[in-house]
Amino acid sequence: MEDLNKNQFILLVLLVTFVTSIATGIMTSALLQEAPVEITRNINRIVEKTVETVIPGNIISTPSETVFKEVTTIVVKEEDSVVDAISKNEQAIVRINKKDVLLGIVSFYGMGVVIDKEGLIAADKKFLTNQSDTYTAKFHDGKEFNLEPIGFTKDTNFVLFKAIVPEKTSYTFSPTVLTEAEPKLGQTVISVGGDSLNSISVGRITSFNTRDSSVGTTTAKYISGIATDVSSQDLLSGSPLFNLSGNFIGMKLSEDLSRVFIPSAILKKEIEILTK
C-alpha cells in the first residue's frame, strides 16, 4: 500500500468498491429469494419514476452545443396510490336499503357506485323482482335519496337505480370512472366493503374466469370474473373493485365466489341494455 502512488491508490479503491457492490447485489438477491412473501411484496410495491427535462443552454443554439438533461427521481409508494384511489371514489360509493312495503321492514340491500352525474347507480341485481318494495341510497355525506329501479326485469347481472333528488333541492353527484383497460394478472387492486363504513382491502388479481362468446362462426373468450386474494371478511353484495389509478374495474355479486368480481366491461355492456 505504501508503494502505491496517488493514481494507483484511487484505482485500487474503485476496484474494491466495484467488487463490493457486486457481492452486495448477489447477497441481497439471495436474501430476497429466501424472505417471506409479505416482505418481498412490500419491497416490490415501491415504484420509481424518472422524469427527464431538457434544458436548452440558449434560445439560439447550434447542433454542436451541449444540451443538459435534468433528471428527477420520484418515489411513488403503493400506500399513496391506495389512499388517492379511495379518496377519488369515496363520494361515488353508496349503501342501498330496501323497504318491504307490505311488512314495513327495512333491510340492507347492498352497495352501489354512482356511474354518471345524473345520479345513476349500478348495483348487484340480486333478487330484485318485487315492484312494491322501495329503495333508498345513503351517500358518503349522510344524504339519503329515494331510488327508482331501472330495467330490473331484464336478464342482466346488474341493476341500475336512479337517485330521485327532491324538487327545489340540488345535489352534485360524483361518478366513478369505468376503465376501458383490461385487467392484468398480478395487478394490485382495492376492494371496498362494510355495511356502514368503508372497509378497505388491498390484494392482487390471481386468475380470471372466462367464457366463450360466439359471433357468427367466430368464437372468442372474454373475462367473466376477476379472481383476487383480497380479504373477503367485509365484502358485500355490490362491493366495488378499483385499480391503483382509482378506476372502477369490477363489482362483487352475491351469487359469485367470495373474492370474484364481475369486470366493468360487462357492466358497460349491460348499461346499454338496461337504459334502452
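The values are calculated or read from the model by the stated rules, or taken from the named source; none is laboratory data. Keep in mind that this is a model prediction, so the values were computed, not measured. Every residue, glycine as well, gets a Cβ built from its backbone with ideal geometry; the counts of neighbours run over all protein chains shown.
Let me spell it out: the conditions are (1) over 18 Å from Lys154 (Cβ atoms); (2) in contact with an Asp or Glu (Cβ under 9 Å, 6 or more places away or on another chain), and Ile273 meets all of them except one. Which number is the exception?
The number of the failed condition is (1).
What's the total number of residues in region 237-274 that are outside any helix (DSSP H, G or I) and in contact with a Gly (Cβ under 7 Å, 6 or more places away or on another chain)?
The initial filter retains those residues of region 237-274 that are outside any helix (DSSP H, G or I), namely 237-263.
After this cut, where a residue has to be in contact with a Gly (Cβ under 7 Å, 6 or more places away or on another chain) as well, the list is 237-239, 241, 251-252, 256, 260-263.
Residues that pass the stated criteria total 11.
Does Phe161 satisfy the criteria of being in contact (Cβ under 8 Å) with a residue 12 or more places away in the chain, of a type in the set (Phe, Trp, Tyr) and under 19 Å from Ser264 (Cβ atoms)?
So Phe161 passes the test.
Please pick out the residue among Glu182, Glu167 that is part of a loop (DSSP other than H, G, I, E, B) and farther than 21 Å from Ala85 by Cβ. Give the steps one after another, and end with the answer.
Details: Glu182 fails: farther than 21 Å from Ala85 by Cβ.
Every option except Glu167 fails the conditions.
Do we have Ser232 as small (Gly, Ala, Ser), in a loop (DSSP other than H, G, I, E, B) and under 17 Å from the mean Cα position of the chain (by Cα) here? I'd like the intermediate steps shown before the answer.
Details: small (Gly, Ala, Ser): yes; in a loop (DSSP other than H, G, I, E, B): yes; under 17 Å from the mean Cα position of the chain (by Cα): yes.
Here the answer is yes, as Ser232 does meet what is asked.
Could you tell me whether any residue of region 174-195 is of a type in the set (Val, Ile, Thr) and exposed (fewer than 15 other Cβ atoms within 10 Å of the Cβ)?
Residues of region 174-195 of a type in the set (Val, Ile, Thr): 176-177, 179, 188-190, 192.
From what is left, the residues that are exposed (fewer than 15 other Cβ atoms within 10 Å of the Cβ) are none.
No: zero hits.
Would you check if there is a residue in region 134-144 being among the aliphatic types (A, V, I, L, M), in contact (Cβ under 8 Å) with a residue 40 or more places away in the chain and outside any loop (DSSP other than H, G, I, E, B)?
The initial filter retains those residues of region 134-144 that are among the aliphatic types (A, V, I, L, M), namely 137.
Narrowing the set further to residues that are in contact (Cβ under 8 Å) with a residue 40 or more places away in the chain leaves 137.
Now narrow it down to the ones that are outside any loop (DSSP other than H, G, I, E, B): 137.
Yes - at least one qualifying residue is present in region 134-144.
Could you please find all residues in region 82-138 being aromatic (Phe, Trp, Tyr) and exposed (fewer than 12 other Cβ atoms within 10 Å of the Cβ)? Can you show your working first?
Here is the first cut: in region 82-138, the residues aromatic (Phe, Trp, Tyr) are 108-109, 127, 135.
Within region 82-138, Phe127 is the sole residue that qualifies.
Looking at (1) modelled with pLDDT under 95; (2) assigned to a loop (DSSP other than H, G, I, E, B); (3) closer than 19 Å to Ala92 by Cα, can you tell me which one Val159 breaks?
For Val159, the failing item is (2).
Restricting attention to region 185-204, which residues are in a loop (DSSP other than H, G, I, E, B) and either in the same structural domain as Ile115 (by TED's automatic domain parsing) or within 11 Å of the chain's Cα centre (by Cα) (or both)? Break it down stepwise before answering.
Filtering region 185-204 down to residues in a loop (DSSP other than H, G, I, E, B) leaves 185-187, 194-198.
Passing the criteria: only Gln187.
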